[in-house]
Structures are given as structure tokens and as C-alpha cells.
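For reference, the structure is listed below as C-alpha cells.
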Amino acid sequence: MLVGGVPIGGGAPVSIQSMTNTPTRDAQATLAQIHELAEAGCDLIRVAVPTKDDTAALGQIVRESPVPVIADVHFHFRRAMEAVEAGAAKIRLNPGNISDRRHVLDVVEACKRRNVPIRVGVNEASIVERRDAVARSVELKQLAGDYRREMVELMLRKLTDYVEIFRQACFDQLVLSVKSSDARLLIAACLAVGERFDYPLHLGLTHAGPPETGRIRSVAALGALLSQGIGDTIRISYSAHPIEEVLDAKELLCSLGLRARTEPELIACPTCGRIQVDLVDLVQRVRRRLAGIKVPIKVAVMGCVVNGPGEAEGADVALSAGNRQGVITVQGRHVCTVAECEMLDVLYEQCVEFAERVRNGQAELSEALRYGANSAGPSSSKRG
Ligand code: SF4
């Protein structure tokens, strides 16, 4: 299916989503953040539309956004109708939060008319029945014992009920999601959904927390699923500026060969007792210097001149620093040894020069020499 111009599922490359955290009714602030996120690699952007003022701003946001805009609707079906009218490329809807089934069907009809896909999903945090006390007690009893297994069953049951609503309305432009903040539960639930349904799957570990801790849980869950070909679009969600989500999602996809790198990959030694330089500071300075280079060269920064050059094997350009000097190699070939105060500038010059040669077809990336065509990605999800 197409969300705006972005294909999802059916073998398309896994796309990256994020969500703005500006008030959507402030179109200028929201658009500024969308441009920032798109520049960082975000393919699809989701905006919350809790009020009529938010959907009123959506038309301008849709027109001026560099990437397709998804409207995130929680409770009010009218917001969904207004969002479709404003040109949203996709709607995220939770039928369980809209009490009148006819209202859900109104949204489905509006989306059908405009060929707008809908994401429906279930979330562990809100899945146990709240309104019906008897049903709630039955569901809570079922969860006792093997919580994860029973929760996956419950999620599947609810999702199946939701999908049935759309199936009966002859609407097949669906993206599914199951969310949890527990990595093991999320993996089990997504595998089960992947087996049962043939709709594109949105992956995300919800309520991950700050990047410092949420990053590990998110990558553990999403990496396990993506490496098995499960997942068509992803959102890493942090309690932080959304740019962190996009940068980490991009690195995850690049690491798994699901997206081609477009910028330098920085590797660095883990440091040990042989260290001869403040490597932690040096790596950060190199990272900032490389930011403007738009060729995916592999750059290594090593902490001693004895073992560094050998351990930088596989890098395009390497700096081994120590004893107040820096040894610079390009694809294993010694280029020069310079004083410590010059090594950052010389490394940068060598990186720019090598990137230029790659761009002109005069040199090949080490990655391509090692892995051939398989190095560049993207390989797509196997699910449709
Ligand atoms: Fe230790 Fe040198 Fe290897 Fe860094 S490059 S881990 S300092 S031996």
C-alpha cells in the first residue's frame, strides 16, 4: 500500500516513522519539527489531533510537509473525519476507543473514498476491558499464570475483532500494530500477528523511556523481529526529542542492512590499558567533523599506534592515536604520521578526499569490496 508516496509492505523497504511533540494546532512549530525529522531520515510523520484546532491546522501541515503526514486519533471519530478531509495520508485509529460502531464505519467510508490507509492496533497498557466489569474480571483471570502467553492471546483476539470490523466493511488498506513496553512480550505478539494476518505490520516498543535505557529494549525487540523479516514500518519511541528516535531507527535499519547508509559510519576501539590518548573526547570530535560528509565511508578511531592500525582492518580511513602522534591509513595503506595537534584536521582531509574518490568512481568502499552488492542494502521485509 502507499501512504502518501511511501510504500509499506509487499516487499517495500522498512520505513521510519516518528511523532511530533509540538502542539499540532501550532502549524509553524510542527512544520519546523517535521522538516528537522525528515532531514534526519524520517519517512513518515505522525501528528496528534486531539482537538478541532489541531485538525484545522492539518491542511497547512499536509501541504507544506516534506513527508506524508499521519493523523493520530484517539477518541473522537470526528477528528478522524476532519483529518481525512484535511488530506492526511493515513489515520491511526483505535476502534476500542470509539464507542459507537457506526462512527468507526463512517471513518472507514471516508478513508475508502480517499484511499487513505488506517492503522489499527492493540496496546498492552489498555487492552484489558475497562467498561464491562464482568468481561474485565474474566480477562484478568485469564492473564493470571503465564502472563505473556495469555496476553498475546488476548491481544490477538482483540486485534482479530478489530480487523473483522474492517473486513466486513470491505476495507483492506490496513496496517496492524501490537504494542507493549516489554521486549519479550512484543516479540511474541508480533510473531503471532505476522503468522495470523497478511497486513503490513507497524513495529514499536511503547513507553520505552529515555534513550539511555529505552534504546536497549527497543533495539532488542525490533532488531529480533526485523532480522526475521517481521515489520514493515517502525517507530522507536523515547521520552526525548523525536530526532533521537529517527537517528536510532536509521542506525538500526542500516546495521541490519535494511537501509543503505548515506553518511560515514564511525567505529572506534573499546579502549584498554594500552590507551595512549583521550579516546572518548577524540571520538566525539571526529564524529562532529564527519557530519557534513554525505558518503558512507567507514572511519575508525583507535587508541594506540601499536595495535590500532591492525585493529582498524576493514575501515576506509583510520586514525590510530597515541604517543602524541596520529597514524593515518586509507584502506590499510599507511598515508602519514602527524603530530597530535594536526591529526584531526588531517583525518578529516583524508576522509573528504576518499569520499570524493568514491563519488567519482575512483575508489570503492571497503564494505562493498568485502560484501559486494549485499553491503549496500536495503533488503526488504519478507512479509507483505
Ligand atoms: Fe587497546 Fe589499542 Fe586496541 Fe584500543 S586499539 S583497544 S587502545 S589495543
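The values are calculated or read from the model by the stated rules, or taken from the named source; none is laboratory data. Because the structure is predicted, anything quoted here is derived from the model rather than measured. Cβ atoms come from the backbone with ideal geometry, glycine included; neighbour counts cover every protein chain shown. Ligands, DNA and RNA are stripped out before the accessible areas are found, and what is left, the full protein with its side chains, is counted by its heavy atoms. Shrake-Rupley method; radii C 1.70, N 1.55, O 1.52, S 1.80 Å.
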Checklist entry - When the helices in the chain are scored as -39500 (n - 2.57) per DSSP H run of 4 or longer and the sum is shared across all residues, what 222 nm value do you end up with, to the nearest 500 deg cm²/dmol? => result -14000 deg cm²/dmol
Next on the checklist: Quick check: with the 1.4 Å probe, what order do Phe75, Phe197 take by accessible area, largest first?
Outcome noted: Phe75, Phe197
Checklist entry - Could you give the length gained on full extension between Gln60 and Ala144, defined as 0.36 nm per residue of separation minus the Cα-Cα distance, in nm? => result 25.4 nm
Checklist entry - Efficiency by 1/(1 + (r/R0)^6): what FRET value for Leu2 and Cys336, r their Cβ-Cβ distance, R0 = 41 Å, to the nearest 0.05? => result 0.20
Checklist entry - When you count, for each residue, the other Cβ atoms within 10 Å and take the mean per peptide, how do 83-89, 326-332, 164-170 rank with the highest first? => result 83-89, 326-332, 164-170
Checklist outcome for this item: For segment 243-249, Karplus-derived ³J(HN,Hα) couplings (6.51, -1.76, 1.60; θ = phi - 60°; whole Hz; x for glycine and proline) come out as 4, 5, 5, 5, 5, 6, 4
Checklist entry - By how many nm would the segment from Asn21 to Glu195 lengthen if fully extended, with 0.36 nm per residue of separation less the alpha-carbon distance? => result 59.3 nm
Item to check | Mean accessible surface per residue for the chain, computed with a 1.4 Å probe while every protein chain stays in place, in Å² | outcome: 46
Next on the checklist: Tell me the angle of helix 183-196 to the major Cα principal axis of the chain, expressed in degrees between 0 and 90 and rounded to the nearest ten.
Outcome noted: 60
Checklist outcome for this item: Whole-Hz Karplus couplings 3J(HN,Hα) for segment 157-169, θ = phi - 60° and coefficients 6.51, -1.76, 1.60, Gly and Pro as x, run 5, 5, 5, 4, 4, 5, 4, 4, 4, 6, 5, 5, 8
Item to check | Point-to-point label distance, Asn97-Asp161, nm (Cα→Cβ direction, 7 Å offset) | outcome: 1.7
Item to check | Extent along principal axes [Cα atoms of segment 1-53; Å; largest to smallest] | outcome: 37, 24, 14
Next on the checklist: Order His103, His334 by their accessible area, 1.4 angstrom probe, all chains in place, largest first.
Outcome noted: His334, His103
Next on the checklist: Rg over Rh of the chain, using C-alpha atoms and the Kirkwood radius, what does it come to?
Outcome noted: 1.05
Checklist entry - How far is it, in nm, from the label point at Leu369 to the one at Lys112 when both lie 7 Å from their Cα along the line to the Cβ? => result 5.9
Item to check | At R0 = 30 Å, FRET efficiency that the Cβ-Cβ distance of His207 and Ser227 yields, to 0.05 | outcome: 0.80
Checklist entry - Rank Tyr371, Tyr238, Tyr147 by accessible area, highest first, at a 1.4 Å probe radius? => result Tyr371, Tyr147, Tyr238
Checklist entry - At a 1.4 Å probe, what is the % contribution of carbon and sulfur to the accessible area of the chain? => result 50
